[in-house]
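Following: one structure in structure tokens, then a few remarks.
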Ligand code: ADP
Ligand code: MG
């Protein structure tokens, strides 16, 4: 007999979890993205102890059909793509079918969901990858994902977790940015009982900016809008006198996905050019829309990095639009935006 074997599913999921679930913020990201993909208009996020003991995401989306609920936790199970050509025009935030099985492999997870078609609810509980409860439930339309004791069965990863404040910081940062990306969704975010963010879901991005950065900052933002044959740009940038000590105030959103993009950051900074004092950075929310085929999001499991097929055109559009808006402003040195 040969020595090579295929790993059993539970072990495979645990290994994948090492990559997909780096820390509590990654769980929140995956659950919230699933809620958005399900067409939710309200998403309530509740965490305790920086997410280490509890993370709960409740949405009012289209739900998971009772007969699908176990399948949703199988590896490579997804309702979002089905053919390889779908992979080149991804319209949803998720598509890898890896998040739920990975999270369930390294936590105690409860999922209760009622779908729009049948209206019937079902609950399953999975502990370290083993299904312990699978029964009918009573619940409103939508999905409630509750994740407790993350990494309880992977002590090496648990030990690597930072202080509660650090984990909370990562989650909070993500929640703020996804709320900026989706002003049409009403988000609430609570940590240890206190509300850290509440958005109204009116679609007004400036309202979300005000909820996160304060009303004075929101008032000092300039609207940017432009389009080319391939790209649509919308967003807000700060007046040059409203600067920050680092780049963390820059949020880039591409087709509804919050991403990190060196190219977008560079274009933004280049457009401000000498308007910014040395080592100071603007506050900006840049949203780009494009045909999904112009974008490769399958770069890394976290999907935080993307590749643009026409990056030069994109950068030109961005730089021109921002220069135009800033050109209308006169530079007046002013207060710090912190
Ligand atoms: P992916 O998002 O890549 O498809 P996931 O493992 O995150 O993979 O989820 C698997 C499937 O479970 C999704 O394709 C979707 O059909 C379903 N699902 C997960 N979360 C939700 C939710 N909040 N509402 C509705 N369906 C969900
Ligand atoms: Mg997903």
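We did not get these values from a lab; they are worked out from the coordinates using the rules stated. Remember, predicted model here, so these are calculated numbers, not experimental data. Because the Cβ atoms are built from the backbone with ideal geometry, glycine has one as well, and the counts that use them run over all protein chains shown.
Considering only C-alpha atoms, what is the centroid distance from region 1-58 to region 74-108, in Å?
11
Simple spin-label model, 7 Å along Cα-to-Cβ: residue 133 to residue 85 in nm?
Taking the two extended label points, one gets 4.4 nm.
Can you give the angle from 0 to 90° between the axis of helix 24-37 and the longest principal axis of the chain, with both taken from C-alpha atoms, to the nearest 10?
So the helix axis and the longest Cα principal axis differ by about 90 degrees.
Ranked highest first by the average count of other Cβ atoms within 10 Å around their residues, in what order do 116-128, 249-261 fall? Let's see the in-between values first.
Values: 116-128: 17.2, 249-261: 21.0.
Highest mean packing first, the order is 249-261, 116-128.
Take the alpha carbon atoms of region 202-230, find their center, do the same for region 169-185, and report the distance between the two centers in whole angstrom.
14
Going by the alpha-carbon gyration tensor, a ≥ b ≥ c the square roots of its eigenvalues, is region 199-291 rounded (a/c under 1.5) or, if a/c is not under 1.5, prolate (a/b greater than b/c) versus oblate?
On the way: a/c = 1.74, a/b = 1.09, b/c = 1.60.
Verdict is oblate for region 199-291.
Taking only DSSP H segments of four or more residues, each worth -39500 (n - 2.57), what value at 222 nm results for the chain once the sum is divided by all its residues, to the nearest 500 deg cm²/dmol? Present the calculation step by step, with values, prior to reporting the outcome.
Numbers: 9 runs with 99 residues, N = 338.
After summing the helix terms and dividing by the residues of the chain, the value is -9000 deg cm²/dmol.
Any number yet on Rg/Rh for the chain, C-alpha, Kirkwood? Working shown, then result.
Values: Rg = 21.2 Å, Rh = 21.2 Å.
Using Cα coordinates only, the ratio equals 1.00.
Take the Cα pairs of region 36-113, get the Kirkwood Rh, then feed it into Stokes-Einstein at 25 °C and 0.890 mPa s and tell me D in µm²/s.
Details: Rh = 14.0 Å.
It diffuses with D of about 175 µm²/s by this estimate.
For the chain, take the longest principal axis of its alpha carbons; what is the angle in degrees between that and the long axis of helix 262-272, to the nearest 10 within 0 to 90?
So the helix axis and the longest Cα principal axis differ by about 20 degrees.
Using Cβ contacts closer than 10 Å as the measure, can you line up 221, 290 from fewest to most?
Details: 221 22, 290 18.
Arranged by neighbour count, lowest to highest, 221, 290 become 290, 221.
Which length gain, in nm to one decimal place, applies between residue 156 and residue 67 when the Cα-Cα distance is subtracted from 0.36 nm times their residue separation?
Details: separation 89, 0.36 × 89 = 32.04 nm, distance 3.54 nm.
Here the answer is 28.5 nm.
With a ≥ b ≥ c the root eigenvalues of the C-alpha gyration tensor of region 94-136, is it rounded (a/c under 1.5), prolate (a/b larger than b/c) or oblate? Numbers along the way, then the final one.
Numbers: a/c = 3.46, a/b = 1.32, b/c = 2.63.
Note, shape of region 94-136 comes out oblate.
Compute the FRET efficiency between residue 53 and residue 328 as 1/(1 + (r/R0)^6), taking r as their Cβ-Cβ distance and R0 = 51 Å, and round to the nearest 0.05. Walk me through the numbers on the way to the answer.
Numbers: r = 50 Å, r/R0 = 0.98.
E(calc), rounded to 0.05, equals 0.50.
Let a ≥ b ≥ c be the square roots of the eigenvalues of the Cα gyration tensor of region 1-85; is it rounded (a/c under 1.5), or, if not, prolate (a/b larger than b/c) or oblate?
Details: a/c = 2.43, a/b = 1.40, b/c = 1.74.
Oblate.
As I understand it, the value is the acute angle between the Cα axis of helix 311-327 and the longest principal axis of the Cα atoms of the chain; what does it come to in degrees, rounded to 10?
50
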